[in-house]
Structures are given as structure tokens and as C-alpha cells.
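Notes follow the structure.
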Amino acid sequence: MFGALLYLGLRYFLYTNLDEQVLSQGKIAAAALDAGEGTVHLDATTLSDLQNPDSFVRLLNLDGTAIQDPGNSLTQIPADPARIADALENDAPLSRGAIDGRTMIYVTLPIRDATGSVVGVLQTGTSRDDIDELLKLLGIGLVLAAPAMIVAAATGGYLFAGRVLQPVSEITALAASTSESDLHARLNLDLPDDELGRLAQTFDAMLARMEDAFNRQRRFTSDAAHELRTPLSLMRGQVDLALSRQRSSDDYREVLREFDVDLTRLTRLVETLLALTRTEQRGFTLDRSALALDEVVRAVRDQYDDAGGDTGIVLSVNVEPTPASLDQDLVIQVLVNLMDNALLHITAPGTVEIGCRTAPGGVELWVKDSGAGIALEHHARIFDRFYRVDTSRARQSGGSGLGLAIVKAIVDAHDGSIEVISAPGVGSTFLLRFPLPT
Ligand code: ADP
């Protein structure tokens, strides 16, 4: 298309230019006509300028006979009276004529005598051959070059696109070869920060998140299995011992009672695991409602009336009116877990404070105790599933290491944050922040 447009545009420009050139050369020649002694004739300068192998000039009568015709091969253009009459009447001076396979562009202009009447015509023309030759060469060049350019453009485009899309091939290959058991591969491509660069980075980040999620899943499964195995092997031991010899019905009753304790522990563990899984699944379907957080806090505190009393532990509430939009059931679960922990790790005399307030951008909720406290090295891990600070003691107290994991899952589902401020012997504060829902 570019070639065709170039060709047609150039042809139009050159042809128009030639037409104008012939017309002006005719007008100059006509203006220089010498009408001496009653007859017109061409002067010497005009003849030397316009009479050559590529041009001609002549004077004709209206019937086509010559007044003055210096002649050369190009004068064989027929002096057609009809054409002369047409040029004069219709003011269409330019004509095209072919001689010996060559094209002449010529002009026919009237010659007037002193009275103004037309007594003859002046014709002058120039060969268009140079232009036609140039256009022919250009046409051949374009026809020959076009296929070569198409091949070059296609090859170049193919190679260029291949190079640009190389990262996409690598992403495809990695995605095809990545499996659940082999998630550590990364693209690690050093690309500029454009669409493809960001795609590669996002892909790596997605793999990292998936690997992390799978690892956590695996750890969770093995931890859960481990947790279930301990009470199960205890029960197995009791059964073996009981069956090792004949026993009285009182002995069997005693064994069943111990069984009951372990079964209760197992059931509680399974229920907690289910609650945790459900909380994580509920992440997207929180049942938020407008609530007065201070009233929820007071209600939870009231549930623990028995825990305070004359045990030497003071339970206090520190609230101000705190409107919030949270999932009420889940918030109660959070407070119960934190209160249980606080009361578990406190010895009388001591205090447990539960409170809430409105803070910039959301609400704050806390449970603060004067209990045993948690050493700094455990702070980062106490929210992990099954993590216990003192494994042996926690087992005795029935702790599964899931309480804070559930708290964290619920806080995350609300887009909130949790912070622990604690030191051994000083006590612990669990401070939760819930932003306003967006
Ligand atoms: P558990 O259900 O076994 O209590 P959690 O996930 O609730 O497990 O807590 C993890 C660990 O954090 C516990 O083993 C305990 O040692 C420690 N912890 C939690 N809350 C407190 C607290 N208020 N004071 C001291 N230690 C705490």
C-alpha cells in the first residue's frame, strides 16, 4: 500500500508539474510572437529554446496548415483542425499525443491580430518520456521490493515477538511443570517494570504464597495427627493394661472413668479444630452487625463472675461507649479465648482487665492480666496453631495450643491486628484493633 501510494502520488505530482511547465512555456512563447510585416513568426530565442529532440514549437492556421513549422520528428503530431477548434472554444489548451510510442504534452494557444480576432494558433509541447521512464523504474523497483519487504517484516516481526514473549513461554513452562509437591521453583526473571515484568513478579509472588499455604497446611495436618495420637495411645495403654488380667468390676469402672477424661479431651480438640477451620472459611462471609462493643464486653465479663469472687482475682471492666460493626459471635469467641488464657495463667492475688474504646480509624479491644507473662522469644509464635510455651504444663491444663490461633484467624477475617505486650512476672496485654469496615 505504501508503494502504491508513493507511486500514484509521485505520478500525479510530476504530471501536474509538467502540464504547468508546458502551459507556461506556451504562454511565454505566445507573448514573444513577432508580428512584423503583417505576418506572425517565431523569434530566434523561442526557436532555440523550444526546438530540440524533446520539444517542438510551431504556428498553424485554424485549418491546421502551417504558418511556420521548423519541424522535427515530433511534429508528426497531427495538426487536427477539430482539436484546434476544441482547444479554442472550450479553453482546454492542453493535449496529449503519442508519436513513435512516446508521449508528448502540448499546448494550443490562439494568435490574435491587431483587431483581436484569431488568425492562427501556436502549439508547443514537451516529451513526457523522462517522467514515464522514472515512473517505470520506480514501479519495477516497488514490485520487486514488496515481497522482499513483506518477508523481511514478517521475519523481523516473528523474531522480535518471539524475544518479547520469551518470558510468557517461561511462565507457561513453569506453570505446566509446577505441582503441589514442587512449589519452590521461581522464575526470577530480570525484566523491566512493565506489563510482562509485573506479570513475572506476580507469578513468583503467587507461587511463594501457594508454597507457604501448602507448607502451613502440611504442618497443620501433621500437628493435628500428632495431637490426636497422644490421647489415643494413652487410651490404647489403658485398654492393654485392663485386659492383661482378670479384674473386678470396680477396676473396669475406674478404667472407663479415665477413658472418659481422655475422650472429653479428644472431643474438645476435634471441636476446636473444626471451629478454627470454620473461622478461616468464614473469612469472606462475616456476619457483621452494628453493635455496642462496650455492652458485649460487659456481657462477657459477667459470664466470669464465678472466676472472680473470693478467689483473690479481681475482674475489672474498662469501657467507654464504643459503637462498632463486627461479627458478634466471633468477637465473643475472641474475648472468651483471651479471658480463659488470662485466668489460666494467673495466680491469686491478681487482676484481669477487659476493655474497649473508640480509636482513630476504628475500635480497640484488650484483655490485660497480671499473670505469669510470656517471654519475648515466644511472642512471634504464640499465634501459631498448636504452639504452647510450656508444653508439659499446658497439656495438663488441657490447652491445645489453638486458642490464640483462633483469635488471630477471627481478627484477620475482620482485617484487624493483634499485638501482645508481655513480660514474665509482669503480666500480659492482648491488644486488638479493628478498623472501620470499608
Ligand atoms: P492454649 O489453648 O493451649 O492455651 P493458646 O493458643 O491459647 O493455647 O496459647 C498459646 C500459648 O501462649 C499458651 O501455651 C500459653 O503458654 C501462652 N499464653 C497465652 N495467653 C497467655 C497469658 N494471658 N498469659 C501467659 N501466657 C499465655
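The values are calculated or read from the model by the stated rules, or taken from the named source; none is laboratory data. Note that this is a predicted model, so its numbers are computed, not measured. Because the Cβ atoms are built from the backbone with ideal geometry, glycine has one as well, and the counts that use them run over all protein chains shown.
A few remarks follow.
- The lone criterion from (1) in contact (Cβ under 8 Å) with a residue 12 or more places away in the chain; (2) out of contact with any Pro (no Cβ under 6 Å at 6 or more places or on another chain) left unmet by Asp260 is number (1).
- Any hit, the range 235-249, residues being exposed (fewer than 14 other Cβ atoms within 10 Å of the Cβ) and either on the phi > 0 side of the Ramachandran plot or within 60 Å of the chain's Cα centre (by Cα) (or both): yes
- Test set (1) more than 9 Å from the ligand (Cβ to nearest atom); (2) over 30 Å from Pro231 (Cα atoms) - Ser428 fails condition number: (1)
- Number of the condition not met by Ser400 [criteria: (1) more than 7 Å from the ligand (Cβ to nearest atom); (2) under 24 Å from Leu276 (Cβ atoms)]: (1)
Per-residue answers, yes or no, for (1) polar (S, T, N, Q); (2) part of a helix (DSSP H, G or I); (3) closer than 30 Å to Pro435 by Cα:
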{"position": "Leu196", "(1), (2), (3)": "no, yes, no"}
{"position": "Arg216", "(1), (2), (3)": "no, yes, yes"}
{"position": "Asp223", "(1), (2), (3)": "no, yes, no"}
{"position": "Leu256", "(1), (2), (3)": "no, yes, no"}
{"position": "Leu263", "(1), (2), (3)": "no, yes, no"}
{"position": "Leu276", "(1), (2), (3)": "no, yes, yes"}
{"position": "Leu286", "(1), (2), (3)": "no, no, yes"}
{"position": "Ser289", "(1), (2), (3)": "yes, no, yes"}
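- Of everything in the range 171-190 that is charged (D, E, K, R) and in contact with a helix residue (DSSP H, G or I) (Cβ under 8 Å, 6 or more places away or on another chain), the residue that is surrounded by the fewest Cβ atoms within 10 Å (Cβ to Cβ) is Glu180.
- Residues that are modelled with pLDDT of 85 or more and not in a loop (DSSP other than H, G, I, E, B) were ranked within the range 393-407; the one that is surrounded by the most Cβ atoms within 10 Å (Cβ to Cβ) is Val407.
- When residues in the range 191-223 are screened for being modelled with pLDDT under 85, over 21 Å from the mean Cα position of the chain (by Cα) and surrounded by 14 or more Cβ atoms within 10 Å (Cβ to Cβ), 2 of them pass.
- Of all residues making up the range 353-380, the number that are without any contact (Cβ under 8 Å) to a residue 40 or more places away in the chain and either at positive phi or within 9 Å of the ligand (Cβ to nearest atom) (or both): 1
- Condition broken by Phe434, with the remaining ones in (1) near the ligand (Cβ under 9 Å from one of its atoms); (2) in contact with a strand residue (DSSP E or B) (Cβ under 7 Å, 6 or more places away or on another chain); (3) not in a helix (DSSP H, G or I) satisfied: (1)
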